[in-house]
């Protein structure tokens with residue numbers, strides 16, 4: 001009798017077909033770089049499976065110790081890269097559900113979009129890119145290495161993580177669907193010819209806009225980032241609530257709520273009400289404006305069913321799922337305000353300086369003295385870059401081997417960057433102390 005209540009994969013696919021709009025991607029349309037062995041007991045649809053693979057990845061767990069704007073280890077409440085990711089997932093699902101898009105696909109993309117982000121927020125990303133393009137005066141790579149190694153950008157690194165660096169199966173990577181891979185890369189700006197070593201460019205459609213579910217994640221990422229950075233800044237006293245309330249977006253929220261009711265509450269209630277109101281303002285506008293754009297596209301091309309849309313789906317604008325021009329103007333004002341009054345302020349600038357110092361020093365140490373790297377990374381250098389394994393060499397040969405072989409290898413420079421990009425803030429700081437500030441109290445067994 002209980003079998004009557006179990007919804008098997010075929011029924012779940014039928015349910016999905018019935019509830020999705022004609023412009024949503026079906027799980028049955030998903031593609032992967034490598035086939036997945038079918039398990040009759042696995043009732044999940046394809047994008048659910050991707051979400052689960054990301055959720056169990058080590059790179060996902062490390063997000064809890066990576067900075068968003070305010071360093072997480074100085075207080076319990078500032079957002080981390082992990083909580084940011086969860087908030088993006090929540091907003092993306094809301095947008096997807098309202099528009100009839102595939103929520104499972106949107107959630108999988110949201111959960112994986114920042115896996116390649118560095119420690120210390122966007123400063124870490126900037127430092128690694130400067131080093132690789134030869135722009136860091138403290139770490140000078142050979143010109144031949146700079147010409148070959150490529151650049152660094154976190155969305156490209158996120159794809160590198162899920163395609164190559166995560167090791168949970170017989171083959172490298174998580175073998176995610178192409179639809180998830182594409183949207184992970186395209187959650188922020190990308191270029192067709194960006195100089196970055198993507199393991200596999202197939203299925204990414206680099207010269208075309210992202211699908212609508214991916215666009216929902218991109219705008220959810222923007223909204224989550226600005227609203228939670230504002231809330232964290234208010235809690236940190238980087239800016240006063242009264243100043244924020246002067247912004248046009250805040251005035252729109254207060255007008256909607258009613259100024260008598262809004263200003264009648266205590267200060268912390270006003271603050272929370274304002275942040276909630278801003279999220280509601282932006283998300284509601286995205287849904288309404290996007291629905292209108294998509295309707296216009298369907299009418300323009302006389303699309304009447306899903307098959308028609310699939311044939312023309314790549315002609316959709318990259319900003320089909322986005323705000324209206326009016327609300328986008330309010331959002332841009334808020335974004336500029338947050339940068340000037342919260343991000344570009346003393347406490348955050350001090351964190352950024354420390355991040356630059358730590359990551360530059362760590363890269364310089366690993367590059368100059370590769371023997372300081374853990375054994376497993378030196379084995380990877382031997383296997384993936386065809387370099388001699390330093391632990392097997394006589395001590396007198398190490399310096400010459402490093403100078404001749406390691407310092408001419410762009411693959412070795414990229415290996416260091418992969419290692420640094422995966423570090424949490426806490427691990428990077430501990431490693432910096434071990435290598436740059438040695439003390440007799442250090443436990444050598446942890447090295």
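The values are calculated or read from the model by the stated rules, or taken from the named source; none is laboratory data. For clarity, every value in this text was computed on a predicted model and none was experimentally measured. Cβ placement follows ideal geometry from the backbone for every residue including glycine, while neighbour counts extend to all protein chains displayed.
Data table
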quantity	calculated
Cβ-Cβ under 7 Å pairs, at least 6 apart or on other chains, segment 181-197 side within 19 Å of residue 414 (Cα to Cα), far side in a helix (DSSP H, G or I) and at pLDDT 95 or above	185/155; 185/156; 185/159; 194/156; 196/156; 197/414
Only one of 128, 141 that is surrounded by 22 or more Cβ atoms within 10 Å (Cβ to Cβ) and more than 12 Å from the chain's Cα centre (by Cα)	128
Matching residues, segment 162-180, being over 14 Å from residue 50 (Cα atoms) and in contact (Cβ under 8 Å) with a residue 24 or more places away in the chain	164, 165, 171, 172
Filter result for residue 404 (under 30 Å from residue 234 (Cβ atoms) and loosely packed, with under 15 Cβ neighbours inside 10 Å)	no
Helices (runs of 4 or more DSSP H) (entirely within segment 207-299) containing at least 2 residues that are touching a helix residue (DSSP H, G or I) at 6+ places or on another chain (Cβ under 6 Å)	212-235, 241-244, 248-257
Residues (assigned to a loop (DSSP other than H, G, I, E, B), within 30 Å of residue 420 (Cβ to Cβ) and at pLDDT below 95) located in segment 26-62	33, 34
Helices (runs of 4 or more DSSP H) contained in segment 328-447 and holding at least 3 residues within 25 Å of the chain's Cα centre (by Cα) and not assigned by TED's automatic domain parsing to the domain that holds residue 288	346-368, 410-422, 425-436
Among residues of segment 161-202, those that are crowded, with 24+ Cβ neighbours inside 10 Å and in a loop (DSSP other than H, G, I, E, B), counted	4
